[in-house]
Every structure is written in structure tokens, then in C-alpha cells.
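The values are calculated or read from the model by the stated rules, or taken from the named source; none is laboratory data. Since the model is a prediction, treat every value here as computed from it, not as a measurement. As a convention, Cβ positions derive from the backbone with ideal geometry for all residues, glycine included, and neighbour counts pool all protein chains shown.
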Amino acid sequence: MVEGYKCFDKGLINRYGEKFEIGKTYHILDVVKFGSKGFHFCKHLEDTLRYFDAIKKEVDICLVQGWGCIDEYEDEYNGFYNMYSTEYLKLSKMLTREEILKYALDLPPYRLSRFISLFKLSEEEIQMIYDKNTDNSYVKKMILYYQYGNKNAFDN
């Protein structure tokens, strides 16, 4: 069994318009292959955001468990690792906004930067990230660029 995270459109709707439920186990009767067949999820929460536009719209993020036949995929070129497609998937819990932010605040800077580039933050959440990363200019530039749309953030 592998634990990880899965992102959905608001209302627990996947990219194909299918509705999911917390606590329910899902099973696929097909050959599992990442990118085509099976239930997809990621080991790291921020990697799930790669597949959803969480900068422009609200999403639901769940803690999940996958088992049975599991196909692991790594996109080393783009820096995404530990992504899975699985035969069985159970949605254990939907994370609250506070739990998502707590997770993000505990990330190392290179993973936090990815989160910042993919998830719309409130002003209060941005301030919390600033406060925790006062000596990290790269994180601050990522916030300016992705959260505020400052195209000149990396000029100096």
C-alpha cells in the first residue's frame, strides 16, 4: 500500500467529470499504466497540482491510499517524482485549507516554490510563507511572480 495525495476539481470531481467520495474504495478492471489506466495520485501534495489549475480555481485535495497493481512514474526532466497509477484507490480524508498550508509551510524551499507556482494563496497565507522564509529571496520572487503576476520578479 502506498499513501499519497490526489487533487480534484471542487466537489471531488476528477479531470474526466467523475465524482468521488471520501471513505469509498475504487477499483479498475484493466491493466494499470500511468498516464492512461488506473487511479492517479502523487506522493507529494504539490505534485498533484501539476494536473489542475489551482491558481485560477478552487480544488479539493485528499489524502489517499493506493494498492494492488501500482505503476510508478517519474518525470525527472520537469522534477516530478513518485507519481502513481493504481488498481485500488481509497480516499481517506479531504484536507482542509489549513492542513494544506501547514503542509506547504513544512516543505523545503525547492518544493515550496513548486507549491507557490501552482496553488492560489490568500494574502494571509502569503504573509505566513514570507514570515517563515524571510531569508529566502527565491521563495519571495516565486510569490511575486506566481501569486501577484509580477513578470519582473526575477530581473535582479
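Numerical summary
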{"item": "Unique match (being surrounded by 11 or more Cβ atoms within 10 Å (Cβ to Cβ), at pLDDT below 95 and hydrophobic (A, V, I, L, M, F, W, C)) among 28, 22, 61", "result": "28"}
{"item": "Residues that are among the β-branched types (Val, Ile, Thr) and either assigned to a loop (DSSP other than H, G, I, E, B) or assigned by TED's automatic domain parsing to the domain that holds residue 44 (or both), drawn from segment 127-144", "result": "134"}
{"item": "Residue match in segment 46-55 (condition: closer than 20 Å to residue 116 by Cβ, touching a residue at least 12 places away in the same chain (Cβ under 8 Å), touching a Lys or Arg at 6+ places or on another chain (Cβ under 7 Å) and among the small types (Gly, Ala, Ser))", "result": "yes"}
{"item": "Search result, residues across segment 12-29 that are under 16 Å from residue 64 (Cα atoms) and assigned to a loop (DSSP other than H, G, I, E, B)", "result": "12, 14, 20, 21, 22, 23, 24, 28"}
{"item": "Output for segment 115-135, where each listed residue is over 21 Å from the mean Cα position of the chain (by Cα) and within 23 Å of residue 99 (Cα to Cα)", "result": "131, 134"}
{"item": "Cβ pairs under 6 Å, 6+ apart, first in segment 23-38 and closer than 18 Å to residue 63 by Cβ, second modelled with pLDDT of 80 or more and charged (D, E, K, R)", "result": "25/90"}
{"item": "Test: residue in segment 40-53 that is surrounded by fewer than 17 Cβ atoms within 10 Å (Cβ to Cβ), of a type in the set (A, V, I, L, M, F, W, C), more than 15 Å from residue 120 (Cα to Cα) and at pLDDT 90 or above", "result": "no"}
{"item": "Within segment 1-19, considering residues that are among the small types (Gly, Ala, Ser) and over 21 Å from residue 104 (Cα atoms), the one surrounded by the fewest Cβ atoms within 10 Å (Cβ to Cβ)", "result": "17"}
{"item": "Counted residues, segment 110-126 - those being assigned to a helix (DSSP H, G or I) and surrounded by 12 or more Cβ atoms within 10 Å (Cβ to Cβ)", "result": "10"}
